[in-house]
Amino acid sequence: MSENKRVSPELMEAVRVAVRKAYAEVRAEDKKAEKKKILHNTRKLMESYRDLKSFVEKTITEEDEVKETVYEIFKGENARLNSSRRAKMTTAMMILNIDRALEEIKREHTKAGTLYKYEAFAMHYIDGLTYEEIAYKLRCGKNSPATWSKVILKRMSVKLFGVNGL
């Protein structure tokens, strides 16, 4: 720049402040989006819980698990489904983490005298009942089971994803 067109220190400071503020806003939005994604993932895990458990129980990964006679011709070939094995192991580990988190949350609610909130959550995500069915069974307001489930879902996020779930 020529000497006649120097930027004033006040203007430079204002630009620095504006850039810092914009950067902080972008970081806050990124954190908010990440938290929303983790909560979404936790909800999807819980909505798929029964299917995930079934997958672990029923997926065949070794030839000695095959019982159908139509596949006898493949026996002895040391057949393995490595991709299925990896998926089964990853799914089984997540199921174990979910089960441990559920037990911990159940203990917390038992201790607090609010086991009915945990039961509403379990009825919805594990047993597959609708919130209306739960409200009828627990003799509570129609919105209560959904409210309780949302709170517990947030706790599950922390228990499954640690600090990222906050």
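The values are calculated or read from the model by the stated rules, or taken from the named source; none is laboratory data. None of these values were measured; they are calculated from a predicted model. Heads up, the Cβs are rebuilt from the backbone with ideal geometry, glycines too, and the neighbour counts pull from every protein chain shown. Keep in mind that these areas ignore ligands, DNA and RNA; they rest on the heavy atoms of the full protein, side chains included. Shrake-Rupley method; radii C 1.70, N 1.55, O 1.52, S 1.80 Å.
A quick yes/no check of all residues on (1) crowded, with 17+ Cβ neighbours inside 10 Å; (2) modelled with pLDDT under 95; (3) out of contact with any helix residue (DSSP H, G or I) (no Cβ under 7 Å at 6 or more places or on another chain); (4) closer than 30 Å to K36 by Cα:
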residue: V66; (1), (2), (3), (4): no, yes, yes, no
residue: E72; (1), (2), (3), (4): no, yes, yes, no
residue: N82; (1), (2), (3), (4): no, yes, yes, no
residue: R86; (1), (2), (3), (4): no, yes, yes, yes
residue: T90; (1), (2), (3), (4): no, yes, yes, yes
residue: I98; (1), (2), (3), (4): yes, no, no, yes
residue: I105; (1), (2), (3), (4): yes, no, no, yes
residue: F121; (1), (2), (3), (4): yes, no, no, yes
residue: E132; (1), (2), (3), (4): no, no, yes, yes
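Has region 45-52 got any residue that is without any contact (Cβ under 8 Å) to a residue 60 or more places away in the chain, charged (D, E, K, R) and more than 30 Å from R100 (Cβ to Cβ)?
Checked region 45-52: no residue is without any contact (Cβ under 8 Å) to a residue 60 or more places away in the chain, charged (D, E, K, R) and more than 30 Å from R100 (Cβ to Cβ).
When you scan region 142-166, how many residues do you find that are without any contact (Cβ under 8 Å) to a residue 12 or more places away in the chain and either open to solvent by less than 40 Å² (accessible area, probe 1.4 Å) or within 17 Å of H109 (Cβ to Cβ) (or both)?
Residues that pass the stated criteria total 4.
In region 50-64, what residues are modelled with pLDDT of 85 or more and hydroxyl-bearing (S, T, Y)?
S54
Tell me which residues, restricted to region 107-119, are open to solvent by 30 Å² or more (accessible area, probe 1.4 Å), part of a helix (DSSP H, G or I) and not β-branched (V, I, T).
R107, E108, H109, K111, A112, L115, Y116, K117, E119
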